[in-house]
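Contents: one structure, followed by commentary.
The values are calculated or read from the model by the stated rules, or taken from the named source; none is laboratory data. Note that the structure is predicted; figures quoted are calculated from it, not measured. Every residue, glycine as well, gets a Cβ built from its backbone with ideal geometry; the counts of neighbours run over all protein chains shown. The accessibility values were calculated without ligands, DNA or RNA, using every heavy atom of the protein model including side chains. Shrake-Rupley method; radii C 1.70, N 1.55, O 1.52, S 1.80 Å.
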Amino acid sequence: MAENAGEPTPDELLAIAVRIAREAADTARRMRTEAITDVQTKSTDTDVVTAADKAVERQVVEALRRERPGDGVLGEEYGDSTATTGGVRWILDPIDGTVNYLYGLPQYAVSLAAEVNGTVVAGVVRNAATGDEWTATRGGGAWRGSRRLGGSARTTLDQALVGTGFGYDPERRAHQGAVLAGLITRVRDIRRFGSAALDLCMAAEGSLDAYFEKGLNAWDHAAGGLVAAEAGLRVSGLDGRAAGKDMLVAAPPAIFPALHDVLVELDAAGGP
């Protein structure tokens, strides 16, 4: 991707993202250790958001403002702000996996991506509980530390371990449960870990063979989706649509067509 004069490179944006995400992950883990109890609900009682979620987002936004004051930010709690100079926008999920965070399960992450003129070019996902970190730049590959990622070598859907997630609305969950019932006999097994960002990274490294989910927002998949794509996975929606709220599927090219067709058959992108 060619950069305009003065436009930051993906590597430069990634360096900023990694530094800020590491500091944010430290804050999230420390606040969890201090036994956060200030919990409020979002759309339902199940959809929890902690005081740490807001504190981490505030910390990241303030750090970005110091580093690159003209950039836009899209955050789960923060909302969307337009860039005042250039075309850079940061996409942030301060704690992806808030229910895991609430329960102390070690599957919650800070996800931060940099988008230039509408295209995600750099991203980092850091598991705040464990310190594991995945990074990617557009055209530069996907990495877990010093190891370059290449996805799963699985070639058939019936032997695939597939990750997914569920929404919080009961009617949507009912539809997703029906999809799962139709899928589970056609794959090796299903896993639901509770963090879309980490699920995408696990698919990128082959710990999952594939992943799909309906209802994801941009902050859920911006960084993890780039990691998966740069690891060689096909990341898209159904029937040629872009990955988005209707559906995101991430799978190696050998598995993607079969998984796609089953999800279409099961109307996975339908329902509420």
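Numbers below:
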read-out	value
Gain in span if fully extended, L105 to I184, counting 0.36 nm per residue against the direct Cα distance	26.0 nm
Calculated over the range 180-272: convex hull of Cα atoms, volume per residue (Å³)	94
Net dipole in debye of the range 124-258 [+1 Lys, Arg Cβ; -1 Asp, Glu Cβ; about Cα centre; nearest 20]	160
The chain: radius of gyration and largest Cα-Cα distance (Dmax), Å	17.8, 53
Radius ratio Rg over Rh of the range 76-155, counting only Cα atoms, Kirkwood formula for Rh	1.04
Magnitude of the charge dipole, the range 71-144, Cβ model with Lys/Arg +1 and Asp/Glu -1, debye to 20	240
Positive-pole candidate from M202, P10, P257, dipole of the chain, charges at beta carbon	M202
Accessible surface of I184 - all protein chains present, 1.4 Å probe, nearest 10 Å²	80
Simple Cβ-charge dipole of the chain, Lys/Arg +1 and Asp/Glu -1, about Cα centre, in debye nearest 20	480
Highest-fluctuation residue, V262, V121, V235 considered, GNM on the chain with Cα pairs under 10 Å	V262
Heavy atoms of K214 accessible to a 1.4 Å probe, total area in Å² rounded to 10	20
Value of [θ]222 nm, deg cm²/dmol, for the chain, DSSP H segments ≥ 4, -39500 (n - 2.57) each, nearest 500	-11000 deg cm²/dmol
For the range 74-222: span of alpha carbons on each principal axis (Å, largest first)	51, 37, 30
Charge dipole (the range 67-167, unit charges on Cβ, about Cα centre) - positive-most of T130, T98, G145	G145
